[in-house]
1. Of all residues in segment 20-39, which are closer than 17 Å to Thr184 by Cα and surrounded by fewer than 24 Cβ atoms within 10 Å (Cβ to Cβ)?
2. Taking the options Ala8, Ala77, name whichever one is buried (at least 21 other Cβ atoms within 10 Å of the Cβ), touching a strand residue (DSSP E or B) at 6+ places or on another chain (Cβ under 7 Å) and closer than 26 Å to Ala132 by Cβ.
3. What single numbered condition from (1) buried (at least 19 other Cβ atoms within 10 Å of the Cβ); (2) of a type outside the set (D, E, K, R); (3) in contact with a His (Cβ under 8 Å, 6 or more places away or on another chain); (4) on the phi < 0 side of the Ramachandran plot fails to hold for Ile188?
4. Being surrounded by 18 or more Cβ atoms within 10 Å (Cβ to Cβ) and out of contact with any Lys or Arg (no Cβ under 6 Å at 6 or more places or on another chain) narrows it down to one residue among Leu99, Leu107; which is it?
5. Among the residues of segment 26-35, which ones are in contact with a helix residue (DSSP H, G or I) (Cβ under 7 Å, 6 or more places away or on another chain) and under 10 Å from Ile158 (Cα atoms)?
6. Among the residues of segment 191-221, which ones are exposed (fewer than 15 other Cβ atoms within 10 Å of the Cβ), outside any strand (DSSP E or B) and not aliphatic (A, V, I, L, M)?
7. Look through Gly49, Gly18 and report the one residue that is touching a Ser or Thr at 6+ places or on another chain (Cβ under 9 Å), part of a loop (DSSP other than H, G, I, E, B) and under 28 Å from Lys135 (Cβ atoms).
8. Within segment 40-53, does at least one residue satisfy the condition of being at pLDDT 95 or above, touching a Pro at 6+ places or on another chain (Cβ under 9 Å), small (Gly, Ala, Ser) and within 20 Å of Asp154 (Cβ to Cβ)?
Amino acid sequence: MNKVYPSAAEAIADVPDGATIMFGGFVSAGSPTNLILALAEKGTRNITGIANNIGLGDRLDVLCEKGQLRKMIASFAIRASGQRQSLFEQRYAEGKVELELMPQGTLAERIRAGGAGIGGFYTPTGVGTVVAEGKEVRVIGGKEHLFELPLRADYAFIKAYKADTYGNLVYRLAMQNFNPVMATAADIVIAEVEEIVEVGELDPELIRTPGIYVHRIVKGPRHEIRWFN
């Protein structure tokens, strides 16, 4: 099966209003920039986004320009400096977008649980904070733990270094952050890559995401890493 699409716009063309989308990346590293820009151009609205961060060198902030985001689930959604706000921060302060903030490890584990088919897990992280509001608390080994539910999405937009036409993916350096785990936790996985080769050309020892998880592949121009927009 050839999963290669000619453009990012065609790869995301069926993403409907109201979709829940995971976005790979850690700040700028491994962010699927071309897919994000195509989504902004398409104008899909009422998106629930799941990502490590927004407005920190990634291009997710562009989804706030026309109010496309309804809610963001993230571990870091503000700039380190209060002197300059991202568009997301401005919209959040105006009450125009929702935010579910959670510790980074909890976010990663919730996504992993979603991909593994696990019904949830207990963690001591967040006990006694606003993170605990409305969650089940259980004492394990004499210590309070919160019960966290798994996270899944309709789509995952991820970034890899190389793909073959079947969708096997090879990552490089910091691309190995949230991208591999998100590839397991969505109904439709769209991978933006820098190079596409034929089946059999990738070293099997380097394949991190098997093609069975990947539904669409698109080759996009490489963007310079920007730590801040």
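The values are calculated or read from the model by the stated rules, or taken from the named source; none is laboratory data. Values in this document were obtained by computation on a predicted structure and should not be read as measured data. When we count neighbours, we look across all protein chains shown, and the Cβ atoms used for this are built from the backbone with ideal geometry, even at glycine.
1. Thr20
2. On the way: Ala8 fails: closer than 26 Å to Ala132 by Cβ.
Answer to the selection: Ala77.
3. Going through (1) buried (at least 19 other Cβ atoms within 10 Å of the Cβ); (2) of a type outside the set (D, E, K, R); (3) in contact with a His (Cβ under 8 Å, 6 or more places away or on another chain); (4) on the phi < 0 side of the Ramachandran plot one by one, Ile188 breaks only (1).
4. Going through Leu99, Leu107 in turn, just one is surrounded by 18 or more Cβ atoms within 10 Å (Cβ to Cβ) and out of contact with any Lys or Arg (no Cβ under 6 Å at 6 or more places or on another chain): Leu107.
5. If we filter segment 26-35 for residues that are in contact with a helix residue (DSSP H, G or I) (Cβ under 7 Å, 6 or more places away or on another chain), which is where we start, we get 26, 29-30, 34-35.
Correct list: Gly30, Leu35.
6. Residues satisfying the conditions are Glu198, Gly200, Glu201, Asp203, Pro204, Glu205, Pro210, Pro221.
7. On the way: Gly49 fails: part of a loop (DSSP other than H, G, I, E, B).
Step by step, each of Gly49, Gly18 is checked, and only Gly18 is touching a Ser or Thr at 6+ places or on another chain (Cβ under 9 Å), part of a loop (DSSP other than H, G, I, E, B) and under 28 Å from Lys135 (Cβ atoms).
8. no
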